[in-house]
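The values are calculated or read from the model by the stated rules, or taken from the named source; none is laboratory data. Keep in mind that this is a model prediction, so the values were computed, not measured. Glycine also receives a Cβ, built like all others from the backbone with ideal geometry; neighbour counts cover every protein chain displayed. Heavy atoms of the whole protein, side chains included, go into the accessibility calculation; ligands, DNA and RNA do not. Shrake-Rupley method; radii C 1.70, N 1.55, O 1.52, S 1.80 Å.
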Amino acid sequence: MKKVITYGTFDMFHKGHYNILKRAKEYGDYLIVGVTGENYDIGRGKLSVNDTLATRIENVKNTGLVDEIIVEEYLGQKIGDLIKYDIDYFVIGDDWKGKFDHLSRYCEMVYLERTKGISSTELREKSFKNYNIGVVCDETDDNEIVKEAKLVNGFQVKGVYSPQKEISEKFKEKYDLENIYYEYDELIENSDIIYVRCTIEKRVDLIRQALKKGKHIIYDPPASYKASEIKELIQLAKENNVILMENTKMVHIYVFNQLLWMTQGGLIGDILSFNCSISKNDEERSNLFYDLSSLTLLPMLKILGQDYEKSDYMVTKDGDDIEFASMNFVYPNARAVINVGNKLRVDNQLEIIGTEATIRMKENWWRSKSFSLYKPGGSEAEIYNTNFEGNGFKYLIKSMSTMLKNGRIESMGVFEDESIKIAEILEEIHEINE
Ligand code: C2G
């Protein structure tokens with residue numbers, strides 16, 4: 001018996017898919033199809049897949065051509081499959097020509113001509129609503145949103161506005177955008193989503209204006225260090241039935257959810273200590289302290305909760321700007337220490353000590369792709385990781401896309417009460433500082 005294998009995502013199943021399965025079947029007596037798993041596709045940057053794995057499997061099955069369906073879950077699995085299923089022919093479309101030649105030691109490689117004039121990409125483009133993102137900024141760095149948005153179906157940064165004309169002009173040029181606007185109202189008018197990327201003092205106002213016009217928002221957090229203003233914005237988003245989303249990439253990255261699962265689910269025992277530090281020296285940005293603090297307070301609140309008994313802050317200043325702050329939180333059975341250096345250098349790290357294991361994240365822990373888990377007595381750390389290119393913005397936009405599809409406006413990444421609590425803490429620090 002000759003066995004044939006082929007692989008694919010088979011998203012929005014079409015004639016091209018049917019044709020390749022039919023021709024693959026003709027090479028032998030038994031056809032196995034490997035359908036890509038969701039994590040595998042996310043890992044290889046294919047975020048645009050529309051159908052669920054179950055639907056894609058069902059569609060392949062319904063062709064009646066296939067003897068066995070397997071799921072492709074990781075890079076390199078194909079080698080194991082060829083051995084395990086004792087394959088004679090590996091068939092794939094000629095868009096992959098030459099890419100799998102190294103497999104010819106295991107079986108015969110066959111590249112077949114693709115069916116012309118049809119593709120999942122085209123079908124997706126036709127069937128999706130397009131969302132135009134407009135950026136309002138006071139700097140020419142885009143935080144990679146332009147590139148990353150393109151990786152999610154239907155999303156694209158189309159225009160820019162800055163209160164400083166030269167900045168919008170440079171931004172448009174640098175990122176090759178279609179439109180530039182000289183009034184904020186025009187940007188709002190011509191966008192479905194506004195990305196607010198500017199210093200903290202201007203955020204509330206810019207967010208408020210766009211929310212009132214019924215536009216969805218992505219903003220660099222915190223929107224403000226005043227809890228009352230955060231509450232007002234949340235309320236305004238609800239009234240206008242739009243999404244108000246913090247640009248906190250961490251919570252949309254797979255490995256951070258693993259960390260939460262372990263710490264919240266008791267897998268590292270009872271948590272005794274949360275230790276986190278961050279610093280950045282950016283002369284261009286004023287009040288960066290609040291941005292950095294917001295980023296460090298979020299994992300603390302997620303892991304230890306909001307019911308600490310006491311807090312204590314030490315703050316030093318350089319001119320009007322906070323230069324360094326140490327924040328201490330006393331929980332019933334745990335302590336948290338957060339150090340934030342605005343102009344001073346502190347090492348970036350996150351350490352969570354539990355009674356049964358310790359977790360560490362180094363360097364840019366807020367967008368880290370991995371963490372280490374140390375067990376007492378264990379000589380080597382267990383590494384948990386996820387691999388992707390870029391800074392992770394695409395995962396945040398993908399979450400937004402899912403929310404839009406489901407008609408949901410409240411984010412499950414950063415919860416509203418967490419944004420409010422962070423502002424309350426920042427407000428206390430701000431008051432000490434006045
Ligand atoms: N195909 C085709 N004609 C088309 C479109 C697709 O012949 N018009 C073929 C592809 O060449 C591939 C199969 O249909 O052999 C599945 O295509 P996709 O769903 O796009 O899967 P792909 O991302 O190419 O996955 O491990 C994954 C595989 O390596 C390929």
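When Asp95 is tested against the conditions (1) in contact with an Asp or Glu (Cβ under 7 Å, 6 or more places away or on another chain); (2) within 17 Å of Thr9 (Cα to Cα); (3) acidic (Asp, Glu), the lone failure is (1). Filtering segment 1-52 to residues that are near the ligand (Cβ under 9 Å from one of its atoms), among the basic types (Lys, Arg) and more than 15 Å from Arg124 (Cβ to Cβ) leaves Lys15, Arg23, Arg44.
Scanning segment 105-123 for residues that are outside any loop (DSSP other than H, G, I, E, B) and open to solvent by 70 Å² or more (accessible area, probe 1.4 Å) gives Arg105, Glu108, Thr121, Glu122.
Tell me, yes or no, whether segment 79-87 has at least one residue that is small (Gly, Ala, Ser), more than 30 Å from Met245 (Cβ to Cβ), open to solvent by 20 Å² or more (accessible area, probe 1.4 Å) and within 16 Å of the ligand (Cβ to nearest atom). Looking through segment 79-87, at least one residue is small (Gly, Ala, Ser), more than 30 Å from Met245 (Cβ to Cβ), open to solvent by 20 Å² or more (accessible area, probe 1.4 Å) and within 16 Å of the ligand (Cβ to nearest atom). For first residues located in segment 9-29 and farther than 24 Å from Asn153 by Cβ and open to solvent by 80 Å² or more (accessible area, probe 1.4 Å), partners that are at pLDDT 95 or above and aromatic (Phe, Trp, Tyr) and lie 6+ apart or on another chain with Cβ distances below 8 Å form the pairs Tyr27/Tyr89. Being assigned to a loop (DSSP other than H, G, I, E, B), touching a Gly at 6+ places or on another chain (Cβ under 9 Å) and open to solvent by less than 70 Å² (accessible area, probe 1.4 Å) is the filter here; which residues of segment 124-141 pass it? Phe128, the sole residue that qualifies. Number of residues in segment 120-142 that are at pLDDT below 95 and closer than 25 Å to Arg44 by Cα equals 11. Pairing residues of segment 153-166 that are assigned to a loop (DSSP other than H, G, I, E, B) with residues that are among the acidic types (Asp, Glu) and open to solvent by less than 70 Å² (accessible area, probe 1.4 Å), at Cβ distances under 8 Å and at least 6 apart in sequence or on separate chains, gives Ser162/Asp138; Pro163/Asp138; Gln164/Asp138. Taking Arg408 as the residue in question, decide whether it is among the charged types (D, E, K, R), surrounded by fewer than 20 Cβ atoms within 10 Å (Cβ to Cβ) and within 30 Å of Lys46 (Cβ to Cβ). Yes.
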